[in-house]
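Written out below as structure tokens is the structure these notes cover.
Read-outs: derived from the displayed coordinates by stated rules, not from any lab. Keep in mind it's a predicted model, so treat the numbers as computed, not measured. Glycine also receives a Cβ, built like all others from the backbone with ideal geometry; neighbour counts cover every protein chain displayed.
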Ligand code: HEM
């Protein structure tokens, strides 16, 4: 790599005027330097991979380690350099590699089959309807983020984890603090400790009194096959589902609503073909905005670039999803694309999102029911006054004041 001072920063600035487009530099990079070096906010240098084909190749490559996956590269102030060792907790599925990863993933995947997720649909529908009832009972205005987009995924995760109804409000509050971007380090640490303690108690109870939920089944299956999950593993897995499934889905619901307020003529397509529309929204918005991080454990070729063992790579999902090679007129929202599922908004390869089916169900139900019940939904504030999450791992709108009637 070149001298440290010459290394450009990871692109993070979106074009003025279009809150949905990724940084403009990505289009140039895809053409001229598809794998180029950048300095990440956390301080280390990485190869930024911008073309769709290269992103998929990197994510499918089993020699790439995920030990830094999640937010390590955007964690400003982490004071990391090139060779650091990341400590990976057992159960932190997103960061595990090789056999440790496939063992855990296999167990969890059994709980996210299409059949199981479809069985959750009725619960999601009820949640959406009850939140719409509560929102519409207000006198004509609400914050769609606080009143609709955030609580729905949070309660879906409570249901997945088997959190008792009496504890849900407190659990939701703590998990809101844990995943919020406005939380201080101390508040985050406190919420983390409280939730970990709560989950340990919950899973200890499930060992003794199994119920009909994901973790009771995971515990029972592990014990039956002689491969029981330890308490630390269970707690980290619970936390991983919470962190991976909450902010992502909530931001997608709110941002998709805003897109549909901006494109009112497209709403009928969403109501008529929600599956197709949700895929295009996932591609177009690509909310995991700073990509996913990998660590090369062996020398490898990425496109025309030779990457050495010990170097970091950022697979830019939002750039891949705007690659014209795959998506003609990629910057246009087009609900009639061929093969709408080819996007990489859920990643690709061994770590591809486990909750993707569930996220799809939540998005389909939330968007169709919202616009069916509130066809006159509109912004309650001037468009320019909306604030976006420019610096956080998951992109979104901070508040979405809406009105009706
Ligand atoms: C629109 C919503 C969502 C988006 C955009 C999204 C995106 C992603 C992405 C890009 C990855 C890959 C990370 C990597 O390769 O390093 C991932 C992994 C993961 N996601 Fe999601 N996700 C969403 C919803 C959910 C939900 C609802 C859940 C569960 C309740 C979930 C659970 C997970 C888990 C457990 C992993 C790690 C899988 C593994 O490492 O094997 N996600 N997600």
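Dividing the summed helix terms, -39500 (n - 2.57) for each DSSP H run of n ≥ 4, by the number of residues in the chain produces a 222 nm estimate of -15000 deg cm²/dmol to the nearest 500. Taking label points 7 Å from Cα along the Cα-to-Cβ direction, residue 262 and residue 28 give a separation of 2.3 nm.
Provide 331, 182 in ascending order of the number of other Cβ atoms located within 10 Å of each residue's Cβ, fewest first.
182, 331
Fewest neighbouring Cβ atoms within 10 Å first, the residues 203, 112 line up as 112, 203.
For the chain, the calculated P(r), taken from all Cα-Cα distances in 10 Å bins from zero up to the bin holding the longest distance, is 4, 22, 32, 27, 13, 2, 0 percent. The packing ranking of peptides 113-119, 248-254, 390-396, highest mean first, is 248-254, 390-396, 113-119, where packing means the average number of other beta carbon atoms within 10 angstrom of each residue. Distance between the C-alpha centers of the range 184-241 and the range 295-328? Whole Å please. Here the two parts' Cα centres lie 35 Å apart.
Among 169, 24, which comes first, second and so on when ranked by fewest other beta-carbon atoms within 10 Å?
Ordered by Cβ neighbours within 10 Å, fewest first: 169, 24.
The listed peptides 103-110, 354-361, 376-383, ordered by packing as a protection proxy, come out as 354-361, 103-110, 376-383 (highest mean of other Cβ atoms within 10 Å first).
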